[in-house]
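The values are calculated or read from the model by the stated rules, or taken from the named source; none is laboratory data. The structure displayed is predicted, hence computed values, not measured ones. Quick reminder, even Gly has a Cβ in these numbers, built from the backbone with ideal geometry, and neighbours come from all protein chains shown. The accessibility values were calculated without ligands, DNA or RNA, using every heavy atom of the protein model including side chains. Shrake-Rupley method; radii C 1.70, N 1.55, O 1.52, S 1.80 Å.
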Amino acid sequence: MALPEELSFQNLSEKRLSLYDVMDRILHFMASDPHSSYQFVIGTDSQVFNGYTKFITGIIMRRIGKGAWACYRQVVVPREFTSIKEKLMYETALSQEVAYYFTRDGGVRRMEEFLLPYVYQGASLELFIDIDAGTEPIVNKTSLYVQELVDQVHGMGIYEPRVKPDAYGASSYANRYTKKPVEDGKKYAKP
């Protein structure tokens with residue numbers, strides 16, 4: 001089954017990575033230390049600019065205590081999202097879309113099968129979708145929507161939802177790439 005053309009990722013050293021390229025990079029990263037514990041994390045953050053909203057979805061394969069490999073996807077919607085709830089729902093939906101492709105096309109299964117021979121030597125894999133919302137009402141205006149978003153991710157049945165302060169995939173990695181305005185020629189990429 002074909003993937004959408006706009007499902008393209010990049011990081012500091014590579015551009016235009018397909019989902020299959022991302023999977024290959026992840027398996028290569030895991031092969032360098034198959035006895036480790038891994039966290040596969042997907043998280044989205046956004047930034048509203050004049051006339052558009054920029055969404056960044058990060059994919060992180062974290063080797064606990066021993067580094068990580070990561071990449072991100074940019075989606076630009078040609079309008080300003082003003083509702084916190086709508087923005088959070090769209091962020092979570094973008095994360096779920098990427099997570100769905102990893103589940104549907106066998107990426108998660110490949111990661112699990114790769115680590116299976118090393119389970120008794122300490123290998124493990126956890127799957128997370130990080131939600132850019134916090135539970136503290138005084139600190140986070142987003143706290144009103146946390147339960148609904150967590151339930152949305154739980155509904156997928158395979159990924160564990162995380163919120164702030166644990167949701168580093170969204171609130172740290174993806175957030176880093178939302179701050180810079182989009183170049184004019186790339187402003188209205190397809191969502």
Could you please put Tyr168, Tyr101 in sequence from largest to smallest accessible area, using a 1.4 Å probe?
Tyr168, Tyr101
Would you mind calculating the relative contact order of the chain from Cα pairs under 8 angstrom and at least 6 residues apart, reporting the percent as a whole number?
26
Put Tyr173, Tyr100, Tyr145, Tyr120 in order of accessible area, largest first, probe 1.4 Å, and you get Tyr120, Tyr100, Tyr145, Tyr173
Report, in degrees rounded to the nearest 10, the 0 to 90 angle that the Cα long axis of helix 19-31 makes with the longest principal axis of the chain.
40
Kirkwood hydrodynamic radius over Cα pairs of the chain, then Stokes diffusion coefficient at 20 °C and 1.002 mPa s, in µm²/s:
126
Of every hundred units of 1.4 Å-probe accessible area on the range 1-127, the number belonging to carbon and sulfur atoms, as a percent, is 52
Largest first and rounded to whole Å, the semi-axes √(5λ) derived from the alpha carbon gyration tensor of the range 29-85 read 33, 10, 7
Once both label points are put 7 Å beyond Cα along the C-beta direction, the Lys141-Val119 separation in nm becomes 4.6
Quick one: if you stick a label point 7 Å off each Cα along the C-beta vector at Asp24 and Lys85, how many nm between them?
4.4
Order the peptides 127-133, 20-26, 35-41 from the highest to the lowest mean number of other Cβ atoms within 10 Å of their residues.
127-133, 35-41, 20-26
Can you work out the accessible area per residue across the chain, with the rest of the protein chains kept in place, probe 1.4 Å, in square angstrom?
51
Given the whole protein assembly as supplied and a 1.4 Å probe, what does the accessible area of Lys179 come to in Å², nearest 10?
110
Taking a label point 7 Å from the Cα of Ile158 along the Cα→Cβ vector, which residues of the range 87-123 have an amide N closer than 17 Å to it?
93-116
Links that overshoot a 23 Å alpha carbon limit, given the list Lys87/Lys180; Lys66/Lys180; Lys54/Lys141; Lys15/Lys164; Lys66/Lys87:
Lys66/Lys180; Lys15/Lys164; Lys66/Lys87
